[in-house]
Structure formats: structure tokens, C-alpha cells
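Q: I have a structure here, written as C-alpha cells, and I will follow up with some questions on it.
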Amino acid sequence: MDMGRSTTNYGICRIDNATSRTYGWLVTIQRRGVIHRKHFSDGVHGGKQKALVAAKLWRDQVMKKYPPLSLREYSGIVKKSNRSGVAGVCRYCSAATRHLPPAQQRWSWVATWVMPDGKRKRVKFSVTKYGEADAYKKALKARRAALGEIKGNFEPGKARQRTTKGK
């Protein structure tokens, strides 16, 4: 069983390395760009289970001191690759038409956001159908409306946990 994947052990993974004689639990939590990491050795804490208890305690203290971003805060982060200047809104060329001459390419403005269950949602507005300015405005409006409905905290890996449960 991979102890680092269960929700009760969020941010905690097991380290068993015979070569370096390292046995324990590693806690890693990232909050607002800062990584909080600490190792809990079996030897120091009196065994595997006691080290896990200590790791969970420390993890819970870190999470209380540095709560996760709300979904609204996370959705407002402008990524480095963003060229529109608006978080979650981009101009997109259909993959099926990228190789064609520019006049034949299908462009859209796309609004994207993260749902509380970890899934990403997106809607496209065709530049051909609405025109450049209106397609952009529709994408902005769709994103604003979606963000108004979002509640809860952003949990990295939530969608990944959902897809690996059946494995």
C-alpha cells in the first residue's frame, strides 16, 4: 500500500532506503510557493507507527498555520505561460487546424477553471462565430460567472487521487 496517496496521509510519504539506512516518514506541504518539509525517522521516534503519528501531528500544525488557497484564490493565479493577462483565459488554435495556413485555422477564446472535485472545466468561444472582441468578452464573462459559483479550498492532486483509487 502506498501510504503517501491516502487522504489521511496527505503530504506524507514513506522513505525506506537500505543503502543510506534511512527509514521514516517525509512530510512535504507547499503553501503559497513555500515548501515545508520535515523527515520523521523511525529510530528517533521509537518505531514506524510513532514516527507516523509525529509526522501527522507536524503536518496538521503546518496546515493549520498555512491553510490551502481557496479555489477562488487558486483560480486567480496568472500562470507564467499566460499571454492574455487574465488568469484562466487564453486564445487557442484548434489542434486539427494548426498545420493549416492562418486563414484556415480555427481560433477560439477559452475560459478555464477548477471545479471543487478537482476536475478542470473549460468553455470555448469561436473567433469566427463571435469575432475577436466578442469571443474574448464571452470567455471573460463565462469565467467570472463560474468563479462566482466556486466554493471550497484548492487541493492539489485531488483529481489524481480520484483516478488512482480504482487501481
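Each value in this text was obtained by applying a stated rule to the coordinates, not by laboratory testing. Please read these numbers as outputs of a predicted model, since none were measured by experiment. Glycine gets a Cβ as well: all are built from the backbone with ideal geometry, and neighbour counts include every protein chain shown.
Q: Between Cys13 and Ser84, 0.36 nm times their residue separation minus their Cα-Cα distance comes to what?
A: On the way: separation 71, 0.36 × 71 = 25.56 nm, distance 3.81 nm.
Answer, rounded to one decimal: 21.8 nm.
Q: Report relative contact order for the chain in percent, whole number only (criteria: Cα-Cα under 8 Å, sequence separation at least 6).
A: 15 percent
Q: Then there's this: In whole Å, how far is the Cα centre of segment 88-150 from that of segment 1-71?
A: The two parts, judged by their Cα centres, are 39 Å apart.
Q: Using the reciprocal of the averaged 1/r over all distinct C-alpha pairs, how large is the Kirkwood radius of segment 4-89 in Å?
A: On the way: mean 1/r = 0.0674 Å⁻¹.
Answer for segment 4-89: a Kirkwood hydrodynamic radius of 14.8 Å.
Q: For Arg37 and Ser70, what is the calculated FRET efficiency with R₀ set at 25 Å and r taken between the beta-carbons, to the nearest 0.05? Present the calculation step by step, with values, prior to reporting the outcome.
A: Values: r = 24 Å, r/R0 = 0.95.
Between Arg37 and Ser70 the formula returns 0.60.
Q: I've got another one for you. If Lys and Arg each add +1 and Asp and Glu each add -1, what is the summed charge of the other residues whose beta carbon sits under 10 Å from the beta carbon of Thr28?
A: Numbers: positive: Arg37, Lys38, Arg59; negative: none.
Residues close to Thr28 contribute a combined charge of +3.
Q: Work out the P(r) tail for the chain: percent of alpha carbon pairs separated by more than 26 Å, whole number. Working shown, then result.
A: Details: 6718 of 13861 pairs.
Summing the P(r) of the chain above 26 Å gives 48 percent of all pairs.
Q: Here is a further query. Ignoring everything except DSSP H segments at least 4 long, calculate the 222 nm mean residue ellipticity for the chain; use -39,500 (n - 2.57) per segment, divide by total residues, nearest 500. Please report the intermediate quantities before stating the final value.
A: On the way: 6 runs with 56 residues, N = 167.
Value at 222 nm, helices only, nearest 500: -9500 deg cm²/dmol.
Q: Given the pairs Lys56/Lys119; Lys121/Lys141; Lys79/Lys119, which are separated by over 21 angstrom at their Cα positions?
A: Working: Lys56/Lys119 27 Å; Lys121/Lys141 14 Å; Lys79/Lys119 18 Å.
Long pairs (Cα-Cα over 21 Å): Lys56/Lys119.
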